[in-house]
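This report refers to the structure that appears directly beneath it.
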Amino acid sequence: MSRIRSKRNATTELKLLSLFRLARLHGWRRDFPLPGKPDFVFPKAKLAVFVDGCFWHGHGCARNLTPKRNAVPWQKKIAGNRSRDKRMTRQLHALGWNVIRVWECLLAKRPQICVRRIQRALLKSDNRS
Ligand SMILES: [Zn+2]
């Protein structure tokens, strides 16, 4: 069985990072201490952004190719990730944070949609303050 090294997909995160630069989105931080370790955080806007890998987070899309061997342990792990995602989102909401979860397949295919969602959330928080 080939091991999948990391849950975090550095490539997709870097892609989002370059999209932020293009869209001139500022004020984001990485490694901001919050439940669930969001990939990007906009502290002023209280917005947490997660990039969810389709495999690890169980997206029902073509990218989510569960390995045939050892399928059960993988499924358990993925189910665990999904319930953890929900729990972390709830926790962040309870702390007054807005949460955006971006699927890696959408980021790959329609990056502008992801950026617009984030821009809209940032605008909303501007209007609030
Ligand atoms: Zn997907």
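The values are calculated or read from the model by the stated rules, or taken from the named source; none is laboratory data. Not measured: the values here are computed from a predicted model. FYI the Cβ positions are ideal-geometry reconstructions off the backbone, even for glycines, and counts take in every protein chain you see.
Couple of notes before you dig in:
- Applying the set (1) part of a helix (DSSP H, G or I); (2) under 19 Å from P35 (Cα atoms); (3) touching a helix residue (DSSP H, G or I) at 6+ places or on another chain (Cβ under 8 Å) to R87 leaves exactly one unmet item: (3).
- The residues of the range 39-63 that are in a loop (DSSP other than H, G, I, E, B) and closer than 16 Å to R117 by Cα, listed by number, are D39, A45, K46.
- Candidate set from the range 75-89 (those that are within 15 Å of the chain's Cα centre (by Cα) and more than 16 Å from the ligand (Cβ to nearest atom)); member that is surrounded by the fewest Cβ atoms within 10 Å (Cβ to Cβ): S83
- Filter result (away from the ligand (no atom under 16 Å from the Cβ) and within 17 Å of D39 (Cα to Cα)) within the range 117-126: I118, Q119, A121, L122
- Condition broken by R116, with the remaining ones in (1) touching a strand residue (DSSP E or B) at 6+ places or on another chain (Cβ under 8 Å); (2) over 20 Å from T11 (Cβ atoms) satisfied: (1)
- For the range 90-113, a residue qualifies if it is away from the ligand (no atom under 12 Å from the Cβ) and assigned to a helix (DSSP H, G or I), and the qualifying residues are R90, Q91, L92, H93, A94, P111, Q112, I113.
- Leading residue by the ranking (surrounded by the fewest Cβ atoms within 10 Å (Cβ to Cβ)) among those in the range 21-38 that are modelled with pLDDT of 95 or more and under 15 Å from C114 (Cβ atoms): W28
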